[in-house]
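So the structure is just underneath, and the comments pick up after that.
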Amino acid sequence: MKKLYFSFVRLLAILENTLCAFGIIFATVFTVIQIINRYWLHYEIMWISDLTLYVFILAAIISIAITTREDAHTAVDVFMERIFRGKRGFKFGKITVNLLSLGIIWFTMPIFYAFFLRSLKFDEWATLVPWFNTSWLVQAIFVMFVLCVFHIVHNTAVIAFNMYKETRGGGEE
């Protein structure tokens, strides 16, 4: 079961990394295409700008979940290193910050869930491309919050398990 769980975590990481990398590469390439169209060919294709913006926004939303997965909050880590001295104290601080983050997400989740349900029920159409449904943006943000909760719980459990193993005389896994 443990092997299956960690395989799922690795698969999720690959999927997040792939989607984010694709989004950044796609946005960069199509921005260059749009610049060439607009300034050299004097022919702007409006839907390319909208599509590029939406793909870039999706990549930015996914990058939030990736940052949570990698536990890469540099400013928070620097602050915690100053408050919690030692390796064990730092790990305890990480658990504390993760639990506070979960509390904040838990407090705001009903609001995000209501917006998510509304986006499923009512379509929102783009202004420049009237046939393009933009409700997926709200849905993507909700999925990002769910992924953040998963990653925070996973990271906290790994830290707590490693702390437990260290007190029992074992090393980190």
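Heavy-atom accessible surface of the range 86-142, averaged per residue, reaches 70 Å², computed with a 1.4 Å probe. Projecting the alpha carbon convex hull of the chain along each direction and taking the average yields 13.7 nm². Of the residues 84, 22, the one with the largest accessible area comes first in the ranking 22, 84, computed with a 1.4 Å probe on protein heavy atoms. Only protein heavy atoms count here; on that basis, with a 1.4 Å probe, residue 117 has an accessible area of about 80 Å².
Ranked by solvent-accessible area (1.4 Å probe, protein heavy atoms only, all chains present), the residues 168, 38 order from largest to smallest as 168, 38. The calculated FRET efficiency for residue 14 paired with residue 72, based on their beta-carbon distance and R0 = 22 Å, is about 0.80.
Taking a probe of 1.4 Å, how large is the accessible area per residue of the range 27-74, in Å²?
62 Å²
In the chain, the calculated helix contribution to ellipticity at 222 nm averages -28000 deg cm²/dmol per residue, counting -39,500 (n - 2.57) for every DSSP H run with n ≥ 4.
When 124, 16 are compared by accessible surface with a 1.4 Å probe, the order from highest to lowest is 124, 16.
To the nearest 10, the accessible area of residue 30 is 60 Å² with a 1.4 Å probe. Taken along the Cα-to-beta-carbon direction at a fixed 7 Å, the label points for residue 35 and residue 153 span 4.4 nm. From the alpha carbon centroid of the range 84-152 to that of the range 1-46 is 20 Å. Counting protein heavy atoms only, the chain has 74 percent of its accessible area on carbon and sulfur, 1.4 angstrom probe.
The values are calculated or read from the model by the stated rules, or taken from the named source; none is laboratory data. On a predicted model such as this, the values are computed, not experimentally measured, just so you know. No Cβ is skipped: glycine too gets one built from the backbone with ideal geometry, and neighbour counts run over all protein chains shown. Surface accessibility is based on the protein's heavy atoms, side chains included, excluding ligands, DNA and RNA. Shrake-Rupley method; radii C 1.70, N 1.55, O 1.52, S 1.80 Å.
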